[in-house]
Amino acid sequence: MAFTSLSPHLSLLTPPPNSPHRHHHHHTSLPLPHSKPCNSTTQSLNHALLRLSVRRRDALLARAVHASLSKSRDHPGNSLILSYLKLGLLSDAHKVLTNMSLPNVVSYTALLSHYAKSGREGEAIELFLRMRRAAVEPNEYTFVAILTACVRLLDWQLGAQVQSLALKAGYCGFTYVSNSFMAMYVRRGHVDAAVRVFEEMLNRDLASWNTVIAGMVKDSRYDEGFELFREMQRIEGFRVDRFTLSTLLAAAANSLASLEGREIHGHALRVGFESDLSVNNALMEFYANCGAVENVVALFERMPEKDVISWTTMLTGYMDFAMVQSAVKLFNEMPEKNCISYNSLLAGLCRNGEGLQAVNLFLGMIERGMEISDFTLTSIVNACAMLADMKQASRFMGLMASAQKMFGQWSYEQNQSMVWTSMLCGYARNGQADEAVSLFCTTLAEGDVVMDEVALTAVLGICGTLGFHVMGKQLHCYVIKSGFLSDVGVENATFSMYSKCGNMEDAVRCFDLMRKRDVVSWNSLITAYLLHRQGDNALAVWSRMENVGIEPDSITLALVISAFRHTTSNLVDTCRSLFFSMKSLYGIEATSEHYASLVSVLGYWGCYDEAEELITNMPFKPDAYVWRALLDCCRLRSHARLGRVVAKQLLAIEPQDPSSYILLSNLYAASGRWHCSDRVRKEMKQKGLQKHPSRSWVIHQNKVHSFYARDKTHPETKDIYSGLDILVLQCLKTGYTPDTTFVLHEVEEHQKTDFLYYHSAKLALTYGILMTKPGRPVRVTKNILLCGDCHTFFKHASSVTGREICLRDSSGFHCFKNGKCSCGDYW
């Protein structure tokens, strides 16, 4: 009988009404075999020999005893079954059961339990149905065994009928039967049903508490899990075990519940679990999430016993704190390495942007003949995406093109969910939006991939990056229907998607409806307001975050400092105070990102001298990130003198970065120093440096319509160019004057004007106007900063068309309406 066809035979759960066995063994006492008494001396000898065979792991002795008794009707059948099972000889035990003239509940239950526990759940269910056909009444141990099989097979229909049978037979009062019911409900996701069983239990053991606590943690109801733990502690003489502590520590790690985690740590020490391996591993995971790396290292070094999980957790902890070299050193010191060790290091390198090291490690894994799993493929595809602009990547493969080929080869051989997700992320990171959307739509239509939390998070992120609002909303509906709203990562991705698509109303609504929030949630909301240049709202979130007691991380503080650039009034003093109190108030050292954020704020509000002084007095050498922040402010305020000084510093650090030359050239042009601007452009040309291609796109009819400067590849090119020419004429009439300083090509002045007219953003805008109904907003997304000429053009276009134009570039959102922009012309 196939496993999937067992449930239709549930009528067999009810024994024949006239069966002589119908009322036998209703209670829990384990009956003796139905056999005639044999000679007591012989029987004792046989039992002794069977015990000896088990003790010595001697299968031949057990079979010899069996053979000597095979001709006798009076032989210890149950003892033989139990002996064979202890020796791992399930087929021999099954033969004994089959040949018994009248097997009883002990005979069936012993074999059934072993089937259920050894991965042969289907055979366990078949044996249970056979037992019912033989009219042998199950006992409490039978119910535990068959429910175990139902849970492992996810056969909820049979499990429910077994529960009904147990209720009728009066076995629900037995603690371990109720525990099995709870385990079934928890595995099915019906935690409230498990809680009802728990509350109705007259007698609870440790397994009862552990099961319901595990259910709460699985359902992300961490506070209720912690409360159950405290209730346990109030029971006199009741002790937790390693499973209780490990489960609760996992809850504390997942919910960033620092106080509760430390409380559980203290309890573990008081009750003698300071040397327990599994508890210490769980503690390391907790402190990696909620503490400092010093806590994890101290715990690791004190552990008297370590296993691969311990080493891997320490390695992952180093990676989480961006201590890549420490992680690599630890990996080299590991006494034993396996696939888990390699994959953990590989994933950590990818998370920290070390794509080249990741590729080299992967090549080493292949040379050593190590197993390559979906997890490995996920990491290496991400590594290749990171190296898209590096020649070294060719050592491994032709980047995303080869990754796509690998994906096609593996798609029919392996579980593709993880690799598929990585391909999506790789395409998104490389700016290959069309490929990402195409892969998603094609694979989903073919039904090859199941959408899990990781895939949903990745695709929602892509929708946000592209500004693909319609698809993002459809995914949100899928999230709700599929029950993924309990996953914090998916919820974070959902409201971030809305904010990046320009829909702050739904973004805030999603955030407010979240049952659980982590520090990433709060950081994402602050980021959303910064994207919309709403500094005051971002600071309001920061105040709310402090009021509810959420500890900020380094990213939080960098974001909050940046928010002071977008406030309606000058709050530099408050910003400065926060920056210099980071260490004392929050234990966070200022990094390059924090300095760059403060420099940006100071420069925006005109405090250039202070910004220079801040950089001069930095405790470490300022990197390009800091200098670029100051140069960008010089561009905004046309501060040419300081800009020249900053540009020299920046070009000394990154002489091959074209964006620095462009910034400096635009700065000179904005201050009227045309010859200096031309000199910078010539130097850029001599060095063979090219500007990063500007790309703008519009979403129409669930497709991404992309444009480059002077692009004529779109099927509607003729209409787009005709429409743009008309729009330019209308804008010229309202005062628009092309600013040719934004043309980096050495051509005649009239040619520069032509270049300006057909910038990618203008082409995308025109297509958006043509494809949307009159009066409807037009949404455009651009991969880099919007140039000044396009910004001016968009303001005029919003007036002459009477349209609201919403554009998102690398600096954030620009909302053009009635000739004005929400950025106040500072971006």
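The values are calculated or read from the model by the stated rules, or taken from the named source; none is laboratory data. Keep in mind that what you see is a predicted model, and the values were worked out from it rather than measured. All Cβ positions, even for glycine, are placed from backbone atoms using ideal geometry, and neighbour counts span all protein chains on display. These accessible areas exclude ligands, DNA and RNA; they are computed on the full protein's heavy atoms, side chains included. Shrake-Rupley method; radii C 1.70, N 1.55, O 1.52, S 1.80 Å.
Looking at this structure, is residue 282 closer than 23 Å to residue 212 by Cα and in a helix (DSSP H, G or I)?
Here the answer is yes, as residue 282 does meet what is asked.
Which residue pairs have Cβ atoms closer than 9 Å, lie 6 or more positions apart in sequence or on different chains, and pair a first residue in the stretch 148-167 that is part of a loop (DSSP other than H, G, I, E, B) with a second residue that is surrounded by fewer than 22 Cβ atoms within 10 Å (Cβ to Cβ)?
As it stands, the answer is 154/187; 154/188; 155/3; 155/4; 155/7, since those pairs meet every condition given.
Please go through the stretch 77-129 and give me each residue that is in a helix (DSSP H, G or I), in contact with a His (Cβ under 8 Å, 6 or more places away or on another chain) and in contact (Cβ under 8 Å) with a residue 60 or more places away in the chain, ordered by number.
105, 129
Identify all residues within the stretch 91-102 that are farther than 13 Å from residue 62 by Cα and open to solvent by 20 Å² or more (accessible area, probe 1.4 Å); write none if there are none.
91, 94, 95, 98, 99, 100, 101, 102
Test residue 427 against the criterion of being modelled with pLDDT of 70 or more, assigned to a helix (DSSP H, G or I) and in contact with an Asp or Glu (Cβ under 7 Å, 6 or more places away or on another chain), and give yes or no.
Spelling it out, it is not the case that residue 427 is modelled with pLDDT of 70 or more, assigned to a helix (DSSP H, G or I) and in contact with an Asp or Glu (Cβ under 7 Å, 6 or more places away or on another chain).
Could you say whether any residue in the stretch 476-489 is part of a loop (DSSP other than H, G, I, E, B) and either over 30 Å from residue 764 (Cβ atoms) or open to solvent by 20 Å² or more (accessible area, probe 1.4 Å) (or both)?
From the stretch 476-489, those part of a loop (DSSP other than H, G, I, E, B) are 483, 487; that's our starting set.
From what's left, either over 30 Å from residue 764 (Cβ atoms) or open to solvent by 20 Å² or more (accessible area, probe 1.4 Å) (or both): 483, 487.
Checked the stretch 476-489: at least one residue is part of a loop (DSSP other than H, G, I, E, B) and either over 30 Å from residue 764 (Cβ atoms) or open to solvent by 20 Å² or more (accessible area, probe 1.4 Å) (or both).
List the residue pairs whose Cβ atoms are under 9 Å apart, where the first residue sits in the stretch 772-787 and is under 12 Å from residue 502 (Cα atoms), the second is part of a loop (DSSP other than H, G, I, E, B) and open to solvent by 60 Å² or more (accessible area, probe 1.4 Å), and the two are 6 or more positions apart or on different chains.
777/804; 778/804
Scan (1) modelled with pLDDT under 80; (2) closer than 28 Å to residue 175 by Cβ for the single condition residue 73 breaks and write down its number.
For residue 73, the failing item is (2).
When residue 660 is evaluated against the numbered criteria (1) free of Cβ contacts under 8 Å to residues at least 40 places away in the same chain; (2) surrounded by 14 or more Cβ atoms within 10 Å (Cβ to Cβ); (3) out of contact with any helix residue (DSSP H, G or I) (no Cβ under 6 Å at 6 or more places or on another chain); (4) of a type in the set (Ser, Thr, Tyr), which criterion, by number, is the only one it fails?
(3)
From the residues in the stretch 578-587 that are open to solvent by less than 70 Å² (accessible area, probe 1.4 Å) and under 18 Å from residue 543 (Cβ atoms), which one is modelled with the lowest pLDDT?
Once the filter is applied, the top-ranked residue is 586.
Restricting attention to the stretch 528-543, does a residue exist that is hydroxyl-bearing (Ser, Thr, Tyr), open to solvent by less than 20 Å² (accessible area, probe 1.4 Å), outside any loop (DSSP other than H, G, I, E, B) and without any contact (Cβ under 8 Å) to a residue 40 or more places away in the chain?
no
May I ask you to list the residues in the stretch 559-585 that are part of a helix (DSSP H, G or I), among the aliphatic types (A, V, I, L, M) and more than 16 Å from residue 614 (Cα to Cα)?
Quick first cut of the stretch 559-585, residues part of a helix (DSSP H, G or I) only: 559-563, 572-580, 582-585.
Pick out the ones that are also among the aliphatic types (A, V, I, L, M) and you get 559-561, 563, 572, 578, 582, 585.
Hits for the stretch 559-585 are 559, 560, 563, 585.
What about residue 171, is it part of a loop (DSSP other than H, G, I, E, B), of a type outside the set (S, T, N, Q) and either in contact with a Cys (Cβ under 9 Å, 6 or more places away or on another chain) or within 26 Å of residue 113 (Cα to Cα) (or both)?
Spelling it out, residue 171 is indeed part of a loop (DSSP other than H, G, I, E, B), of a type outside the set (S, T, N, Q) and either in contact with a Cys (Cβ under 9 Å, 6 or more places away or on another chain) or within 26 Å of residue 113 (Cα to Cα) (or both).
Within the stretch 663-691, how many residues turn out to be hydroxyl-bearing (Ser, Thr, Tyr) and open to solvent by 30 Å² or more (accessible area, probe 1.4 Å)?
The qualifying residues number 1.
In this structure, does residue 255 turn out to be among the polar types (S, T, N, Q) and either touching a strand residue (DSSP E or B) at 6+ places or on another chain (Cβ under 7 Å) or modelled with pLDDT of 90 or more (or both)?
The answer is no for residue 255.
For the stretch 692-723, enumerate the residues that are over 40 Å from the mean Cα position of the chain (by Cα) and buried (at least 20 other Cβ atoms within 10 Å of the Cβ).
720
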